Ligand code: WTA
């Protein structure tokens, strides 16, 4: 929906100017060993070979029954991939590697305290542990194929073990990021109707042993209020045998996993043969309403896609030591710590804590000690390490052949530090653009075949055909210097199947906008709307500008404005709230909240603090606002819609844009003066924004 004032300037009409960066070429040493260095692959994945080209990815897996139909579009846009096939994801990630790699490390886990022992889990050990947990899920908990289980855990090996145990039985796991609050976890339990919650007592973060079990109690309570009763809470212990949480265990509901496991020692549970289209997991993400979206991913299509992209884009060989420094609680961790790397029999490093504990040299010490040669992280981590330890990498003797950046746009300056200092000029970089909904990478260079360009993700990946469309669905041609909406013209095996329990919303958000005919069974009529603004250069490379919907990307984490605003509205004095992004040097974007109060209340520091605290309690510390501004009124359209674009402009010291059509234009000046002077006083004046950042602010909150 477009409002009056927004309709006047279409994004595609705003020319964006930015300096074209020079290409950077992959080192010959990398090309010499790459999984793919023959350009013939580009031909194999040409558009006229679609969808059959994806057989190449499916053939990386072991199928119990081979599939018959590559892509079934009969119920568009609910795509079905590899129809007729049967397989088990856990078998593909664990069992099938035993003959060759039984005693090779599957995971190397590094606890946060630096003097603690590193834990090596071989494929044999992983097999044993996964089977035992599967036995607990099936026999002790009575769970069966198709049931949902919510897992709220930190970065410990028990997390992937639990996920794989679910996959072994066809139980749909829903992992909630450990840093999320109990309340956020409770909402997701309720939405997925999980009767079992798997949690942990405590974990290390920034030198502190945090109590995590307390969140489980809150989650169960919140879910109960929403009508879903959690019957069992299984609690892993950070130190088996020693309970580190202050919260009591609830009799009849809570059990220690290490105690339950004693009965199931060395038990073997056969993997359940699953149809390719059976759901493997749900991963919740933020959207345009407060209700989170449970992105439902398939077994066969998803696993094939993450295996294929891990092989060609991450260049993982079984003999590499691969470290993806993300949290398994996000899609990056699911696809590129657990499922993709394990499908290829990789050795995958997991780290419990924060990058800068105890200092900004920690990641490089880990890399040196373990011989990591593939490194994968997000711009927010890179920016932080660059700020706190710009020369640290030089002190350590490690050598990366390959590095990834993912989750947010990376500034070319930061990219260059990553390349020259972290990568010592020896590594190739892939800037991978994709989303929770997508299962795996959509935009990236093929590391041995396509040169890098700082700040651009590259072209569409193999078998993905993106295009930039304007609001009316017209193509914005490459090299035009104009921005538009990032759209994928075709389906792919890793695409999510639906939003759990909300099929109409699935179509509305992702397909309605550019659908040519709602009854069509031809995939060409169903372009996928990604919700990102982007530009395409003449060479076909995409530069992602950021979200065009009501989502704020904080340090690579998607936060919905509606979620933030609902949390702010739980404070009794608040009448209205609006969340907007501000450009932040370290976290990419930070959240600012604007609130107006109910009659009879006066603005105060106390109310501001209450709003911050409510957001932190209901969502988690990552959502904590940078500032809360209490204002006399919100700028609104005549139909009463809050103009987030206008306040986003104010927060970022840019022009609030056209305000002539507002119902209350006079309030803009009042807010502008107040916010600016407070920011000047606090020393929070933002640097001058780039053209791309200005674009993003102008477009913010445009799509409903
Ligand atoms: C943003 C993370 C620029 C984008 C895998 C997208 C990026 C959102 C990049 C998805 C990148 C992701 N360059 N922006 N390489 N990768 N994004 O669902 O706005 O947590 O829509 O998935 O992150 O975030 P999500």
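The values are calculated or read from the model by the stated rules, or taken from the named source; none is laboratory data. All of these numbers come straight from a predicted model, not from anything done at the bench. Because the Cβ atoms are built from the backbone with ideal geometry, glycine has one as well, and the counts that use them run over all protein chains shown.
Values for this structure:
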item	result
Odd one out for residue 352 among (1) over 27 Å from residue 34 (Cβ atoms); (2) touching a residue at least 60 places away in the same chain (Cβ under 8 Å); (3) within 16 Å of the ligand (Cβ to nearest atom)	(3)
Qualifying residue in region 416-428 (condition: more than 9 Å from the ligand (Cβ to nearest atom), at pLDDT 95 or above, within 23 Å of the chain's Cα centre (by Cα) and under 17 Å from residue 311 (Cα atoms))	yes
Checklist (1) exposed (fewer than 14 other Cβ atoms within 10 Å of the Cβ); (2) in a helix (DSSP H, G or I); (3) out of contact with any strand residue (DSSP E or B) (no Cβ under 9 Å at 6 or more places or on another chain) applied to residue 678, failing item	(3)
Residue 567 vs. criteria more than 16 Å from the ligand (Cβ to nearest atom) and either out of contact with any strand residue (DSSP E or B) (no Cβ under 8 Å at 6 or more places or on another chain) or over 20 Å from residue 636 (Cβ atoms) (or both)	yes
Search result, residues across region 587-610 that are surrounded by fewer than 12 Cβ atoms within 10 Å (Cβ to Cβ) and in a loop (DSSP other than H, G, I, E, B)	598, 599, 600, 602
Region 448-460 - residue that is touching a helix residue (DSSP H, G or I) at 6+ places or on another chain (Cβ under 7 Å) and within 15 Å of the ligand (Cβ to nearest atom) and, of those, modelled with the highest pLDDT	454
Residue within region 607-625 that is within 30 Å of residue 222 (Cα to Cα), more than 29 Å from the chain's Cα centre (by Cα) and modelled with pLDDT of 90 or more present	yes
Residues within region 463-479 that are in contact with a helix residue (DSSP H, G or I) (Cβ under 9 Å, 6 or more places away or on another chain) and either over 23 Å from residue 283 (Cβ atoms) or within 10 Å of the ligand (Cβ to nearest atom) (or both), tallied	9
Inter-residue pairs, beta-carbon under 8 Å, first under 22 Å from residue 690 (Cα atoms) and without any contact (Cβ under 8 Å) to a residue 24 or more places away in the chain and in region 556-583, second within 16 Å of the ligand (Cβ to nearest atom) and assigned to a strand (DSSP E or B), 6+ apart	none
Members of region 404-415 found to be outside any helix (DSSP H, G or I) and either away from the ligand (no atom under 13 Å from the Cβ) or surrounded by fewer than 21 Cβ atoms within 10 Å (Cβ to Cβ) (or both), listed by number	411
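The rows are residues; the columns are (1) assigned to a loop (DSSP other than H, G, I, E, B); (2) buried (at least 21 other Cβ atoms within 10 Å of the Cβ); (3) within 12 Å of the ligand (Cβ to nearest atom); (4) without any contact (Cβ under 8 Å) to a residue 40 or more places away in the chain.
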{"position": "485", "(1), (2), (3), (4)": "no, yes, yes, no"}
{"position": "504", "(1), (2), (3), (4)": "no, no, no, yes"}
{"position": "517", "(1), (2), (3), (4)": "yes, no, no, yes"}
{"position": "520", "(1), (2), (3), (4)": "yes, no, no, no"}
{"position": "533", "(1), (2), (3), (4)": "no, yes, yes, no"}
{"position": "540", "(1), (2), (3), (4)": "yes, no, no, no"}
{"position": "545", "(1), (2), (3), (4)": "no, yes, yes, no"}
{"position": "549", "(1), (2), (3), (4)": "yes, yes, yes, no"}
{"position": "552", "(1), (2), (3), (4)": "no, yes, yes, yes"}
